[in-house]
Amino acid sequence: MAEAFISYSRKDKEFVKRLYEALKQQKRDIWVDWEGIPSTADWRKEIYEGIESTDNFIFIISPNSVVSKVCREEIEHARKHNKRLVPIVWQYTEGVHPELAKINYIFFEESNDFEEALQSLLKALDTDLAHVKQHTRLIMRALEWDQKKRNNSYLLEGSELEEVEQWFTKGAGKEPLITPLQQEYIGESRKAQRVRHRTRFIALTSGLVISTGLAIVAAIGWKEAINQRIEAQKSELRALISASDARFTSNRNTIDALIEGLKAGKKLKELDKVQVNILDAFIEGLKAGKKLKELDKAKADIPIKEQQEVMKVLGQAVYWVRERDRLQGHSNYIQSVSFSPDGEAIATASGDNTVKLWDKQGRLLNTLKGHPDQVLSVSFSPDSQILASASYDGTVKLWKKDGNELKTFKKLNTAIRVVSFSHDGKILASGDEDGIVRLWNVQGQELNMLKGHTGTIYSLSFSHDDQILASASYDRTVKLWNKDGKQLKTLEKQDSTVTSVSFSSDDTLASASLSGTVKLWNPDGKFLSSLKRSEPQSSPIYSVSFSPDGHTLATANNDNSVTLWQRNGQELTTFTGHSGGVNQVTFSPDGRTLASASQDKTVKLWQIDRPWQTILSGHQAGVNRVNFSPDGKEIATASDDGTVKLWNQQGKQIKSLKKISNSKIWDVNFSPDGQIIAAVSSNEGVVRLWNRQGQLLNILLKHSDRIQSVSFSPDSKIIATSSDDKTVKLWNQQGQLLKTLNHNAAVYSVSFSRDGKIIATSSEDKTVKLWNQQGQLLRTLNHNAAVYSVSFSPDSQALASAGADDRVKLWQIDGRAIGSLDGHLAAIWQVTFSPDGQMIATASDDKTVKLWHKDGTLIITLTGHGGEVNGISFSPDGKTLVSGSKDGTAILWNVENLTLDNLMGRGCDWLHDYLANNSQGQSDLCDGVKTQAKY
C-alpha cells in the first residue's frame, strides 16, 4: 500500500513530477497517474482503487485543479473513505473545496523554500502513522468484504479482531475518522464471532445430561465460552461508546451519534441480561445446583466506567440531536427539495434525472421518471395536488401527486434552473440559463417573457400577495417584477452571484450570494440589513428560506452546513452533518422541520425545536451564574457583558435589567419570596437590588474588594455577600450591615441551610466554615485546595463543597465527612442539590455538568458547552437544570427520570421514522424498548 495518492491537474504536471521525485528520494511510495488514461470505467476504477489503497490524499491546489471536475470527484472519493487530506498550494487560488480549506496548507509556491516545504509535508505524512496505516488496511479489508457480497469468510476474527477493536477505541476522534463501512465491518465481524461462541455453547451442552462427570467437564468448557462471549461483548460495547463519542464530536446534531449511542445502550442492557440468561440456560441444562457458584463467577462484571460512558454518549446524543430523518435513495446530487403546502409530502429533484416523492414520515412513495437530464428544481402547487419540475433538458413537467405525468411544457433550447408556483396557483414562473424568466399558466401556455438579466436565473420567489416576483441571477443582481411582467426595480448590485431569494410572510425579501452574505430588503427594494456568518465568513451560500412565521431564516452553505438565523442577524445555530455542499433549504408548512438537500445525495430533515433542551442565547460574553425564580417561571443569567437577563422556560428573553456600568456581573439570585433580584457587580465591589418588575432599588451593598457571590436567607430577610476582602457580610433588605464573618483569604461562596439555622462559607483558604445565625463559628471543614462552592441538602442535614481540587466533598451537618464525588477533570465552580435531595449537580472547568445520585454514583455527564461551565440551578420541581457557560450561553436540560431505559426510550421515539425507512440492518435496534410520548 502506497503512502500517498497525488491528485492534480494535468496542467500542473511539471511541478508534480518534481514533487514526486523528491518524495521518491526520501523512499516514499507514492501513487500518481502520469498518463492521463481516457475516462473509461476501468480508468475510474483504477483511480478509485489507488485512493482507497493509500494512507494519505495529497491535493495540489492551483487555479487549474480547483475547477477540474475529475479532481473534485477524486476529493469526494477520498472523503467518502475518510482519507487523511493533505492540501499543497502550488499556485494560491480561491474556490478550494471546503474540506481542504479547513486544513493548514503546505505552501510549495515558487516564493517558498522547496526543501523546507518538503520537510513539512514529510512531517504531515508521518503524523499518527500507525493509526493511518491501520485505517488503510481496514478500509481495504472492508471493501474486499463488501465487494465479495459480504461473505463471512472475509471477516475479522480472533486476535486480529481484538487488535482492530482496540485500535478503534484508542483512536476515537483521531483523523482520519472511521468510515461507516469500516464500522459495519467491525460490527459484523464481532457478530460472527458471537455466533461461533454460541455454536460452541450448543456443542458443549449437547451431552450434558449423560453424567455428572461429563457435566463438570462441560461446565468448565462452557464457563470459558461464557467468559469469551462476555469479553467479546464488552469489547463491542467499548467500540460503540467510542463511535458515538466520535460522531458527536464531529456532528452533534445528526442522527448518527444517537444511533451509536442507542447501540451502546442496547449492548449495555444485553450485558446486564447475559448473566441471567446464561444462568437460566445452564441450570435447566445441567440440573446441577452445585455448579451455580461457579457460574455466578461468570456473570458479566461490567465496569462502572463503561456504564457511565454509555449514559454519557447516549445522553449527549439525545440532548443534541436535531436531525429527525434522512431521505436516501437518489444516486446523484439532490438539487432541490419542496414540502407540499398540506405538509403531507416532500419532493426531491436530483442529478440522477428523477424526482422522488416521499411522505412526511420519510417513506418513498414514487419515483417520477421522464426527464432525460438532471432535474434542477421542484415546486408544489398551493393545493398540494400538482408538482412542477424543471430540468437541464429544457422542459418543465407537471405531475399529479400520485406520480402520474400531467403535462410537459414547450421545450426550450436552454436548461431551466428553477420553477415556482404563485401563491394563488394560477401562474408558474421558470428561470433559465439564458437569463430569462417566463410566466406560464398551468395549461402550459407561455404568458410572458421577462428579459433583463444577463446571466443564469438561479432562484424565484413570489410575494405573498403575488404582486411581486423576485429573481436572482448570476449577473449579481436581484430584480423585482410585477405580475404582468414589468420590471419594477433592480436591487443594488452585489459583489458576487446571487444564488437565492425568498419572501417572508410580511414580504421582507432575503437574498443570498456566493460571497456568503444574506441581505434583507423591504418590498420596495430598500436595503434593510445584512446577515453574515461569523465563521467561515467567505463560504458561499446557495439557498435562503424564511420560516412560515417570518421570524427565522435558514441558509444552505457550501461548507456542508445549514445555519439558522434570527431576523436581527443573530446566528441561532449551525447544523453540520452533510458530507457535501447544501444546495437548498426549505421549511415545512408548520415551521417545525427544516429540509436540506445536499450534494451528498441525501435530504436531512432537522427538527427546529429541541424537546429535551433549550439554549438561551443573547449574552455578548460568558455567563457566570444562573438561577431559577422561586416559582420556576423565570431564569436569571449573569454575564461578563455587564447584564442580567431574565428568560422564560421556553427560552425567550423577557427583559434585560438596566445596565449600570461596564462591570462584570458575577452572580445573580432571587429572594425566596420572589420579590427581589440581587446581582453582584463584581469589579465595583457592590451588590445591586431590583424588584421583580426590573426596577433598580436605591440600595447598594458594598465591600472593599471584588464581590464573589450573593445569597438570601430562607425568609428573605437577610442578604449575605462574600468577597475577596476575606469577609462575608450579612445585611437586611434596607442595606444595613448586620454582621461580618471572617476568613483568611477570599470568600467565594455563601449559603444558608434550608431551615435558616446555619450559614456555610467557602474560601480560597481551603476551608468551609459553618456559622450560626448570630455569626458564631461552629466548625471548620478542610479541603486540599480553594473551595469555590458550598450547598446544603434540602433537609439541612448534609452539605456539599467543591473547588479547585476537582472533587466534591459530602459532609454531615456535624462536620463528619461522608463521601466524595470524583470524575471531573478540572476545577468545579458550583455544586447544588436537587429540590428533593436525590441528586447533586456539579459545574466544572472541564466544560461539563455532571449529575450524581446522593450516594455519590454518577448518573450522567452533560456535554455540549463550548467553554467552562460556571453555574447551575435546578427548577423548583427538579425537572429542569439550567447551566451557564463561558461560551456565552445558558442551557435548559430536561433531567427528569435520567435512566438508561428512559434515554433509550427518548432515542427510539426520535428515530422511529428513520428506522422504519432506513434501517440498513438496524431494524431491531429498538426492539423491546419502552418508548415515550411521540415528539
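Of the residues that sit in region 788-820 and are β-branched (V, I, T) and either crowded, with 21+ Cβ neighbours inside 10 Å or closer than 19 Å to G878 by Cβ (or both), which one is nearest to the chain's Cα centre (by Cα)? Walk me through it before giving the result.
Filtering region 788-820 for residues β-branched (V, I, T) gives 790, 808, 813, 818.
Within this subset, residues satisfying the condition of being either crowded, with 21+ Cβ neighbours inside 10 Å or closer than 19 Å to G878 by Cβ (or both) are 790, 808.
On the way: V790: 33, V808: 30 Å.
Filtering first and then ranking leaves V808.
Evaluate the following for W167: is it within 22 Å of R79 (Cα to Cα), modelled with pLDDT of 85 or more, in contact with a helix residue (DSSP H, G or I) (Cβ under 6 Å, 6 or more places away or on another chain) and assigned to a helix (DSSP H, G or I)?
Numbers: within 22 Å of R79 (Cα to Cα): yes; modelled with pLDDT of 85 or more: no; in contact with a helix residue (DSSP H, G or I) (Cβ under 6 Å, 6 or more places away or on another chain): yes; assigned to a helix (DSSP H, G or I): yes.
For W167, the condition - within 22 Å of R79 (Cα to Cα), modelled with pLDDT of 85 or more, in contact with a helix residue (DSSP H, G or I) (Cβ under 6 Å, 6 or more places away or on another chain) and assigned to a helix (DSSP H, G or I) - is not met.
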Just wondering, is there one or more residues in region 747-761 that are modelled with pLDDT of 95 or more and in contact with a His (Cβ under 9 Å, 6 or more places away or on another chain)? yes
Filtered residues of region 828-845 (kept if of a type outside the set (S, T, Y) and either surrounded by 19 or more Cβ atoms within 10 Å (Cβ to Cβ) or part of a strand (DSSP E or B) (or both)): I828, W829, Q830, V831, F833, M839, I840, A841, A843, D845
In region 660-672, the residues that are in a loop (DSSP other than H, G, I, E, B) and touching a Pro at 6+ places or on another chain (Cβ under 7 Å): P672
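Tally the residues that are in a loop (DSSP other than H, G, I, E, B) and not basic (K, R), restricting the search to region 314-351.
Residues of region 314-351 in a loop (DSSP other than H, G, I, E, B): 321-322, 329-333, 340-344, 351.
Filter once more, keeping what is not basic (K, R): 321, 329-333, 340-344, 351.
Total satisfying the criteria: 12.
So is G516 at pLDDT below 95, surrounded by fewer than 19 Cβ atoms within 10 Å (Cβ to Cβ) and in contact with a Lys or Arg (Cβ under 8 Å, 6 or more places away or on another chain) or not? Break it down stepwise before answering.
Numbers: at pLDDT below 95: yes; surrounded by fewer than 19 Cβ atoms within 10 Å (Cβ to Cβ): no; in contact with a Lys or Arg (Cβ under 8 Å, 6 or more places away or on another chain): yes.
No; evaluated as a whole, the condition is false for this residue.
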Name, by its number, the condition in (1) surrounded by 20 or more Cβ atoms within 10 Å (Cβ to Cβ); (2) in a strand (DSSP E or B) that does not hold for H453. (2)
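Rundown of residues vs (1) out of contact with any Gly (no Cβ under 7 Å at 6 or more places or on another chain); (2) crowded, with 22+ Cβ neighbours inside 10 Å; (3) not in a loop (DSSP other than H, G, I, E, B), yes/no style:
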{"site": "P372", "(1), (2), (3)": "yes, no, no"}
{"site": "L376", "(1), (2), (3)": "yes, yes, yes"}
{"site": "P382", "(1), (2), (3)": "no, no, no"}
{"site": "A388", "(1), (2), (3)": "yes, yes, yes"}
{"site": "K397", "(1), (2), (3)": "no, yes, yes"}
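Is it the case that T721 is of a type in the set (S, T, N, Q), surrounded by fewer than 17 Cβ atoms within 10 Å (Cβ to Cβ), in contact with a Leu (Cβ under 9 Å, 6 or more places away or on another chain) and outside any loop (DSSP other than H, G, I, E, B)?
Numbers: of a type in the set (S, T, N, Q): yes; surrounded by fewer than 17 Cβ atoms within 10 Å (Cβ to Cβ): no; in contact with a Leu (Cβ under 9 Å, 6 or more places away or on another chain): yes; outside any loop (DSSP other than H, G, I, E, B): yes.
Judged against the criteria, T721 is not a match.
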Output the residues belonging to region 95-109 that are modelled with pLDDT under 85 and part of a loop (DSSP other than H, G, I, E, B). G95, V96, H97, K102, I103, N104
Pairs, please: C-beta under 6 Å, at least 6 apart or cross-chain, first residue in contact (Cβ under 8 Å) with a residue 12 or more places away in the chain and surrounded by 15 or more Cβ atoms within 10 Å (Cβ to Cβ) and in region 687-707, second polar (S, T, N, Q) and in a loop (DSSP other than H, G, I, E, B)? R692/Q675
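May I ask you to say which residue of S530, S579, S543 is among the small types (G, A, S), buried (at least 20 other Cβ atoms within 10 Å of the Cβ) and outside the structural domain of K80 (by TED's automatic domain parsing)? Even if it seems obvious, please write down each step before you answer.
Values: S530 fails: buried (at least 20 other Cβ atoms within 10 Å of the Cβ); S579 fails: buried (at least 20 other Cβ atoms within 10 Å of the Cβ).
That would be S543, the only listed residue that is among the small types (G, A, S), buried (at least 20 other Cβ atoms within 10 Å of the Cβ) and outside the structural domain of K80 (by TED's automatic domain parsing).
Mind checking whether some residue in region 872-894 is out of contact with any helix residue (DSSP H, G or I) (no Cβ under 6 Å at 6 or more places or on another chain), of a type in the set (A, V, I, L, M) and not in a strand (DSSP E or B)?
Within region 872-894, the subset out of contact with any helix residue (DSSP H, G or I) (no Cβ under 6 Å at 6 or more places or on another chain) is 872-894.
After this cut, where a residue has to be of a type in the set (A, V, I, L, M) as well, the list is 872, 881-882, 890-892.
Subset that is not in a strand (DSSP E or B): none.
Taking every residue of region 872-894 in turn, none turns out to be out of contact with any helix residue (DSSP H, G or I) (no Cβ under 6 Å at 6 or more places or on another chain), of a type in the set (A, V, I, L, M) and not in a strand (DSSP E or B).
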If you take the residues in region 766-787 that are over 25 Å from W829 (Cβ atoms) and polar (S, T, N, Q), which one is surrounded by the most Cβ atoms within 10 Å (Cβ to Cβ)? Q773
Name the one entry in D29, D12 that is more than 20 Å from L122 (Cβ to Cβ) and of a type in the set (D, E). D12
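Tell me which residues, restricted to region 427-480, are of a type in the set (S, T, Y) and either outside the structural domain of A415 (by TED's automatic domain parsing) or touching an Asp or Glu at 6+ places or on another chain (Cβ under 7 Å) (or both).
As a first pass, look at region 427-480 and keep what is of a type in the set (S, T, Y): 430, 454, 456, 458-459, 461, 463, 471, 473-474, 477.
Listed by number, the residues that qualify are T454, T456, S463.
Scanning for something under 22 Å from K133 (Cβ atoms), assigned to a strand (DSSP E or B) and without any contact (Cβ under 8 Å) to a residue 24 or more places away in the chain, does region 56-71 turn up at least one residue? If you could, list the steps in order and put the result at the bottom.
The first filter runs over region 56-71 and keeps only residues under 22 Å from K133 (Cβ atoms), leaving 56-59.
Subsequent filtering for residues that are assigned to a strand (DSSP E or B) retains 56-59.
From what's left, without any contact (Cβ under 8 Å) to a residue 24 or more places away in the chain: none.
No, there is no match, as no residue in region 56-71 is under 22 Å from K133 (Cβ atoms), assigned to a strand (DSSP E or B) and without any contact (Cβ under 8 Å) to a residue 24 or more places away in the chain.
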Is it the case that some residue within region 741-756 is surrounded by 22 or more Cβ atoms within 10 Å (Cβ to Cβ), charged (D, E, K, R) and within 17 Å of F712 (Cβ to Cβ)? no
For region 815-827: of the residues being of a type outside the set (D, E, K, R) and assigned to a loop (DSSP other than H, G, I, E, B), which is farthest from V747 (Cα to Cα)? G823
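Can you tell me which residues in region 690-713 are over 13 Å from I676 (Cα atoms) and outside any strand (DSSP E or B)?
Of the residues in region 690-713, the ones over 13 Å from I676 (Cα atoms) are 700-709.
If the condition is that a residue be over 13 Å from I676 (Cα atoms) and outside any strand (DSSP E or B), then H703, S704, D705, R706 are the ones that fit.
Within region 846-860, which residues are part of a strand (DSSP E or B) and either among the aromatic types (F, W, Y) or farther than 22 Å from T899 by Cβ (or both)? So that I can check it myself, show each step before the final result.
So in region 846-860, the residues part of a strand (DSSP E or B) come out as 849-853, 858-860.
Of everything in region 846-860, just one residue is part of a strand (DSSP E or B) and either among the aromatic types (F, W, Y) or farther than 22 Å from T899 by Cβ (or both), namely W852.
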Top-ranked residue of region 121-165 - restricted to ones that are polar (S, T, N, Q) and touching a residue at least 24 places away in the same chain (Cβ under 8 Å), ranked as surrounded by the fewest Cβ atoms within 10 Å (Cβ to Cβ): N152
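Tell me, please, whether a residue that is assigned to a loop (DSSP other than H, G, I, E, B), assigned by TED's automatic domain parsing to the domain that holds Y458 and within 14 Å of K479 (Cβ to Cβ) can be found in region 499-519.
Step one: of region 499-519, the residues assigned to a loop (DSSP other than H, G, I, E, B) are 504-508, 514-516.
This time we only want the ones that are assigned by TED's automatic domain parsing to the domain that holds Y458, so: 504-508, 514-516.
Right, trim to within 14 Å of K479 (Cβ to Cβ) and you get none.
No, that holds for no residue.
The values are calculated or read from the model by the stated rules, or taken from the named source; none is laboratory data. Since this is a predicted model, take the numbers as computed values, not measurements. FYI the Cβ positions are ideal-geometry reconstructions off the backbone, even for glycines, and counts take in every protein chain you see.
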